Structures are given as C-alpha cells and as structure tokens.
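Notes to accompany the following structure.
The values are calculated or read from the model by the stated rules, or taken from the named source; none is laboratory data. Please read all numbers here as calculations on a predicted model, not as lab measurements. For neighbour counting, all protein chains shown are included, and Cβ atoms are generated from backbone atoms with ideal geometry for every residue, glycine included.
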Amino acid sequence: MNILVINCGSSSIKYQLIDMRDEKIVTKGVVDRVGLEGSVIEQKTPGMDKVVIKESMEDHRVALKYLLKALVDEEYGAINSMDEIYAVGHRVVHGGEKFASSVVIDEEVMKVIEDCVELAPLHNPPNIMGIEACQELMPETPMVAVFDTAFHQTMTPESYMYAIPYKYYEKYGIRRYGFHGTSHKYVTVRTAELLEKDQKDLNIINCHLGNGSSLCGVKHGESRETNMGFTPLAGLPMGTRSGNIDPAIITFLMEKEDITFEEVNHILNKESGVLGISGLSSDFRDLELAEEDGNERAKLALDLFIKGVKKYIGAYMATMGEEVDAIVFTAGIGENSAYLRERICDGLESMGIELDKSKNDIRGKEAIISKDTSKVKVMVVPTNEELMIARDTLKLTK
Ligand code: AMP
C-alpha cells in the first residue's frame, strides 16, 4: 500500500513513495528548478542507479506530470502503474488556526489553505499548485494535507499571543503559529516509543536544528511552546534568517539605508543569521571548519547560535512546570554535529543535563547521549517528516 508524499517548494518538489506495509521507501526524488531553465528530476530507488531526467518544466503541473511518469517508467520506474499509489499526502506549510491536525482535501479545505496564503505568501502558493496539479493528474486518488502549523495548535494564548493591540489578532490573525510541526510531532511520537512512555506522559524539549531551526516545548505529548512565530523568521539565528531581533531595527534600517520594506525583508530572510554574522556561509559545517582555522566571525556566528539554543532550553525548562524527560536533538545539525550538541549542553549541568561525551560521538542515529546519572536525558532522534505525512495520509484515507 503505497503513499506518495509531496513537498512543493517555490521551485522544487521533493517526493517519496512509501510502502506503508513496512514503512520502507519505495523510491524518492527531487525535482529542481521548476519554472526555471535547467529543470531536472533526480530519482533514487533502493537497489537501482540514480536516475536523472532533464526536461523543460515550466510549472508545477508539468513537473508533476514528469515526476509521475518517472515513478511508473518501464525502464527505471519503481511501480508498474499509478493504481499502485493509494493516496497522496501533501505538506502544507500554513493551516492557520483552522487545522489542528491533518485533513482529507476537499473544496472547503482548499479554500482555507488559500485564505492562509496571506500568512505564508512564499510557502502556501506552491503547496496549492502541487495539490491542484495532483488532483488534475490523479483525479481518483485521495489527497491529504499535513500542516507544519497543526502540531502547535495546542499552545495556549499566553504562549501564542503577541503583546500588540488585540484587535490585530482578531483582524488579521497575528499570533505565533510555529512551524516544523510535522518534525516536532514525529520526534515526540518516536521519543515516547524509545523511552517506553505513553505520549501523554512525555515532557521534552525538542531542538530541531537545521538550515531552519526551532525549539518546541512538548508537555504531556503536546506542543506548548515554540520559538518560531507568526512566520518562520522568528526565534534562533538560522542559516540565513535573523531570528528574533528588536523590531525597531527594521524602521531604523529603512531610514538609514533608504531601503524599502521588501529590501529589509530580504536582508532578514536571506542575508542574516549565521551567514550574515560570519560573512562566510550559512552551512554549519563550513563554520565549524572556519572556527577551527581561527576565523573569529565564524566563531561568533556559532557562539550566537549556541547561546540562543541554551536560552530557549532554559526558558522551556522554566515554563514546563514539570520534570523534563529529555532534550532531543534532530534535523541536519541536531542529528549530525556532535560538536554543537556538546557546546549546547556545556554548562547546563545545574539544570540536570549531563552529556556523555563518548555517547555523543554519533551521527544520524537514534541514541541516548547523556550520562546514566543525568536527571534529564539527552537524545538524538533523526526526524522523518515524510513518514509522518504518509502515516497521517494512510490513517485518514484507509
Ligand atoms: P536540514 O535543514 O535539516 O536539512 O539541515 C541542513 C543543515 O545541517 C546544513 O545547512 C548544515 O549546516 C547542517 N549540517 C549537516 N551535517 C552537519 C554536520 N555534520 N555538522 C554540522 N552541521 C551539519
């Protein structure tokens, strides 16, 4: 029983076909440069050579047509026909306040996703294009939307409201929504399994640290705090995103540099974060190497990031109001960088967090990396958003 998971970005489509009988990947791939010159599909099927398909793909519909063709191709396809796709799960970035869980897509759902374009102008439009193209190409196949924001809908108002006039929440829905919800949910479910605890009894602080980063305070298995906000620009300094800054900097810069809001927006989203501080790279691997070579600005960028993570761990320990079972690391940095995990945990011993340096010497696999004496466990749990999407899709369409 195969579920196709589709993640449409503005110029890319990531996809995975998962056999839900054993939750194994049948094939996966990425379409790059959709709508641009040099569009290409790269598909990897376990046990087969990577397939590269270069075709002109002027929009998401054409790209999905080639993608589906690649899935069933006689020579290199992973399945024999489209009938072998039971349902499609779409990643949708913003579901506003309407969706606290995944839903089967119908006209009403599409309308709400469209209403949320205002809240996620860069992300929801390509998601919509992907859904519409799939509906056209596979009209009989059920489709499910899985929202990045849904997991955080359990937050209470004192965690999601901003202290600006209340009318702007009522008028425009300005509040903290939080993102990476599918990842935070997967990690929560998996951590409960690994610790052999009921999810309802699980309190963790989940550190999703990648190109985009967010922490989530999970109490009784539900999201109660997250540091991403109204948009994914908030929280920690990220690869190229500033994270939280004094909002007055925006108008100050506009005036001093004589630049528009769009230009400031570009600076904060694309030229800031660890790239902006280091002037070198948004990739944490480059920064670790540069720091080793004595590059002061690379060191400063990492120091800022590390201090940010520590501060949020401290804040969420304080607001949890109960014992925290574990600090969990996930995503590109969280799963792979023993160095950054060690530096983040360094100095948190007074909060009952004791990292075991030798256990921490791992990459990309599930493990408890704290000392046996540590009151709060430290764990690595690689995320799997695609599997979470596929599970929800199966659950809703079975
Ligand atoms: P993600 O957005 O989850 O795919 O994470 C991507 C980011 O993870 C990259 O930009 C890298 O900075 C970071 N990353 C991946 N592997 C490592 C590693 N071994 N050490 C440090 N950072 C890493």
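Residue by residue, here is whether (1) closer than 22 Å to SER223 by Cα; (2) of a type in the set (Phe, Trp, Tyr); (3) out of contact with any Leu (no Cβ under 8 Å at 6 or more places or on another chain) holds:
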site	(1), (2), (3)
GLU322	yes, no, yes
GLU335	yes, no, yes
GLU342	no, no, no
ILE353	yes, no, yes
ILE369	no, no, no
LYS377	yes, no, no
THR393	yes, no, yes
LYS398	no, no, yes
Considering region 198-229, residues that are touching a residue at least 60 places away in the same chain (Cβ under 8 Å) and within 13 Å of the ligand (Cβ to nearest atom), and then whichever is surrounded by the most Cβ atoms within 10 Å (Cβ to Cβ), we arrive at SER213
So which of THR330, THR397, THR319, THR373 ends up being polar (S, T, N, Q), more than 16 Å from the ligand (Cβ to nearest atom) and in contact with a Pro (Cβ under 8 Å, 6 or more places away or on another chain)?
THR397
(1) at pLDDT below 95; (2) buried (at least 22 other Cβ atoms within 10 Å of the Cβ); (3) over 20 Å from VAL31 (Cβ atoms); (4) not acidic (Asp, Glu) all hold for ALA133 apart from (3)
Give the residues of region 333-345 that are within 10 Å of the ligand (Cβ to nearest atom) and surrounded by fewer than 24 Cβ atoms within 10 Å (Cβ to Cβ), sorted by residue number.
GLU335, ASN336, SER337, ALA338, TYR339, LEU340
Yes or no: region 301-321 includes at least one residue that is assigned to a loop (DSSP other than H, G, I, E, B), without any contact (Cβ under 8 Å) to a residue 24 or more places away in the chain and on the phi < 0 side of the Ramachandran plot.
no
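Quick one: would you say ALA234 is farther than 23 Å from HIS184 by Cβ and of a type outside the set (S, T, N, Q)?
No: the conditions fail for ALA234.
In region 78-115, how many are in contact (Cβ under 8 Å) with a residue 24 or more places away in the chain and either on the phi < 0 side of the Ramachandran plot or among the polar types (S, T, N, Q) (or both)?
25
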Has region 348-364 got at least one residue that is within 20 Å of HIS180 (Cα to Cα) and either within 16 Å of the ligand (Cβ to nearest atom) or among the acidic types (Asp, Glu) (or both)?
yes
Of the criteria (1) over 24 Å from LYS311 (Cβ atoms); (2) part of a strand (DSSP E or B); (3) not β-branched (Val, Ile, Thr), which one ARG224 fails:
(1)
Filtering region 138-183 down to residues that are crowded, with 16+ Cβ neighbours inside 10 Å and among the basic types (Lys, Arg), which residue is nearest to THR319 (Cα to Cα)?
ARG176
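Report the residue count in region 300-316 for those that are within 16 Å of the ligand (Cβ to nearest atom) and charged (D, E, K, R).
Our first condition is that a residue be within 16 Å of the ligand (Cβ to nearest atom); within region 300-316, this holds for 301-306, 308-309.
Those still in the list that are charged (D, E, K, R) too: 303.
The qualifying residues number 1.
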Among ILE13, ILE41, ILE6, ILE85, which is touching an Asp or Glu at 6+ places or on another chain (Cβ under 8 Å), within 30 Å of LEU122 (Cα to Cα) and buried (at least 18 other Cβ atoms within 10 Å of the Cβ)?
ILE41
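Which ones in region 356-395 are farther than 19 Å from ALA331 by Cα and either assigned to a strand (DSSP E or B) or of a type outside the set (Val, Ile, Thr) (or both)?
So the first thing to find is which residues in region 356-395 are farther than 19 Å from ALA331 by Cα, and the list is 356-358, 371-376, 391-395.
Of everything in region 356-395, those that are farther than 19 Å from ALA331 by Cα and either assigned to a strand (DSSP E or B) or of a type outside the set (Val, Ile, Thr) (or both) turn out to be ASP356, LYS357, SER358, LYS371, ASP372, SER374, LYS375, VAL376, ARG391, ASP392, LEU394, LYS395.
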Here is a check on your reading of the model: is ILE389 closer than 30 Å to ASP19 by Cβ, modelled with pLDDT of 95 or more and in contact with a helix residue (DSSP H, G or I) (Cβ under 7 Å, 6 or more places away or on another chain)?
yes
Taking the condition modelled with pLDDT under 95 and over 20 Å from GLU385 (Cα atoms), does LYS111 pass?
no
If I ask for residues that are in contact with a helix residue (DSSP H, G or I) (Cβ under 8 Å, 6 or more places away or on another chain), within 14 Å of the ligand (Cβ to nearest atom) and not in a helix (DSSP H, G or I), which ones from region 267-288 would you list?
LEU280, SER281, SER282
The lone condition PRO142 fails out of (1) in contact with a helix residue (DSSP H, G or I) (Cβ under 6 Å, 6 or more places away or on another chain); (2) without any contact (Cβ under 8 Å) to a residue 24 or more places away in the chain; (3) not aliphatic (A, V, I, L, M) is (2)
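In the set LEU68, LEU64, LEU119, which member is crowded, with 18+ Cβ neighbours inside 10 Å and over 30 Å from ASN269 (Cβ atoms)?
Only one candidate qualifies: LEU68.
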